[in-house]
Amino acid sequence: MGTLQIQLVGCLLVLEDIMDNSHTRRGQPCWFRLPKVGMIAVNDGILLWNHINRIIRKHFRDQSYYVDLLELFNEGLFQTACGEMIDLIDTVGEEKDLLKYTLALQRRISKYKTAYGTFYTPFACALLMPGKKLDDYNDVKDILLEMGIYFQVQDDYLDCFGDPEMIGKIEEFKCSWLVVKALEVCNEEQKKLLRDNYGKSDPANVDAVKCLYKDLNLQGIFAEYEIEMYEKLTTRIEALPSKSVQSMLKSYLGKMFKRQK
């Protein structure tokens, strides 16, 4: 199942980097930026996706859960594509309205773009194989989706305050958790500074936004958010009836908490 998850994530990231016109992914050049690759990467992304169906067909065709597995991955791709669409709508074109960005929108993007494919799909695979019914684990699904949203918030934070090579969301006018929180706490003068600088690739504009984030103490706000999320998720996990599921989710959460990459 790990191979299937790698194929799914690989497919989505290859295509996302093209749509976002990104330069790096985790500190490395995006696939389509490599010499002799370019827009061939679009076809590579399609090949990666099609290999998911081929792997499932080759190894699981005779299993009772074969159709459910196919539907799970198709649904994961659909949910992620919907999240990508929402993410892109306000980042293209000349009319960009920063004030449209809200916490509700950021959570919606993160839920569909990140949480379904990266957090829920692997767990659902583990349920299908021994014959479990996914509907019996909706409480676990809700926790996993919330963990996926938390993971995306961490990514947004690290994009600005982590490794300096991990750049992108400021330049790309993304609805990140940081810009949403900045809009919640800044005054009118600071909002104007955001509008004048956010979404521009010039290093001076990026630095202006980062300086504002520091002035607004977004690092402190994030630290409080992270502790709050960890405690809330831990409480919800410990309320689950299955000790084995609790153990698995706590392991997930422990690896995420205060991660640096």
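The values are calculated or read from the model by the stated rules, or taken from the named source; none is laboratory data. Keep in mind the model is a prediction, meaning the values are calculated, not measured. For neighbour counting, all protein chains shown are included, and Cβ atoms are generated from backbone atoms with ideal geometry for every residue, glycine included. Heads up: the accessible areas ignore ligands, DNA and RNA and are worked out on the full protein's heavy atoms, side chains in. Shrake-Rupley method; radii C 1.70, N 1.55, O 1.52, S 1.80 Å.
Looking only at the stretch 228-261, which residues are of a type in the set (S, T, N, Q) and in a helix (DSSP H, G or I)? Answer for the stretch 228-261, where residues must be of a type in the set (S, T, N, Q) and in a helix (DSSP H, G or I): Thr234, Thr235, Ser244, Gln246, Ser247, Ser251. Scanning the stretch 178-205 for residues that are under 18 Å from Gly162 (Cα atoms), surrounded by fewer than 19 Cβ atoms within 10 Å (Cβ to Cβ) and hydrophobic (A, V, I, L, M, F, W, C) yields a total of 0.
Selection over the stretch 6-30 of residues that are open to solvent by less than 30 Å² (accessible area, probe 1.4 Å) and either in contact with a Pro (Cβ under 6 Å, 6 or more places away or on another chain) or in a loop (DSSP other than H, G, I, E, B) (or both) gives a count of 3.
Can you say whether Asp202 is free of Cβ contacts under 8 Å to residues at least 12 places away in the same chain and under 24 Å from Met19 (Cα atoms), as far as the supplied structure shows? Lay out the reasoning, then the answer.
Numbers: free of Cβ contacts under 8 Å to residues at least 12 places away in the same chain: yes; under 24 Å from Met19 (Cα atoms): yes.
Criteria met by Asp202.
Within the stretch 151-169, residues that are more than 14 Å from Gln260 (Cβ to Cβ) and buried (at least 18 other Cβ atoms within 10 Å of the Cβ) sit with their Cβ atoms under 7 Å from residues that are at pLDDT 90 or above and among the acidic types (Asp, Glu), at 6+ positions apart or across chains, in these pairs: Lys169/Asp156. For Lys36, the requirement of being modelled with pLDDT of 90 or more and either at positive phi or touching a strand residue (DSSP E or B) at 6+ places or on another chain (Cβ under 8 Å) (or both) is met. Within the stretch 221-242, the set of residues being of a type outside the set (Lys, Arg) and surrounded by 13 or more Cβ atoms within 10 Å (Cβ to Cβ) comprises Ile221, Phe222, Ala223, Tyr225, Glu226, Met229, Tyr230, Leu233, Thr234, Ile237, Leu240. One residue is enough: does the stretch 31-48 have a residue meeting the conditions surrounded by 13 or more Cβ atoms within 10 Å (Cβ to Cβ), touching a residue at least 40 places away in the same chain (Cβ under 8 Å) and either part of a helix (DSSP H, G or I) or not aliphatic (A, V, I, L, M) (or both)? Taking every residue of the stretch 31-48 in turn, at least one turns out to be surrounded by 13 or more Cβ atoms within 10 Å (Cβ to Cβ), touching a residue at least 40 places away in the same chain (Cβ under 8 Å) and either part of a helix (DSSP H, G or I) or not aliphatic (A, V, I, L, M) (or both).
Of the residues in the stretch 53-72, at least one is in a loop (DSSP other than H, G, I, E, B), open to solvent by less than 30 Å² (accessible area, probe 1.4 Å) and touching a helix residue (DSSP H, G or I) at 6+ places or on another chain (Cβ under 8 Å).
Candidates are the residues of the stretch 123-144 that are out of contact with any helix residue (DSSP H, G or I) (no Cβ under 7 Å at 6 or more places or on another chain) and within 16 Å of Pro241 (Cβ to Cβ); the one that is most open to solvent (accessible area, probe 1.4 Å) is Lys133. Within the stretch 243-259, being open to solvent by 40 Å² or more (accessible area, probe 1.4 Å), of a type outside the set (Phe, Trp, Tyr) and either within 20 Å of the chain's Cα centre (by Cα) or under 30 Å from Leu193 (Cβ atoms) (or both) holds for Lys250, Ser251, Gly254, Lys255, Lys258.
Whether a residue is without any contact (Cβ under 8 Å) to a residue 60 or more places away in the chain, open to solvent by less than 60 Å² (accessible area, probe 1.4 Å), within 22 Å of Ser176 (Cβ to Cβ) and among the hydrophobic types (A, V, I, L, M, F, W, C) was assessed, and Leu105 does not pass this test.
Among the conditions (1) in a helix (DSSP H, G or I); (2) within 21 Å of the chain's Cα centre (by Cα); (3) farther than 29 Å from Leu193 by Cβ, Tyr225 misses just one, which is (3).
Is there a residue in the stretch 210-220 that is open to solvent by 30 Å² or more (accessible area, probe 1.4 Å), farther than 25 Å from Thr121 by Cβ and in contact with a Cys (Cβ under 7 Å, 6 or more places away or on another chain)? Yes. Restricting the stretch 89-102 to residues that are crowded, with 16+ Cβ neighbours inside 10 Å and modelled with pLDDT of 85 or more leaves a set whose member that is nearest to the chain's Cα centre (by Cα) is Tyr101.
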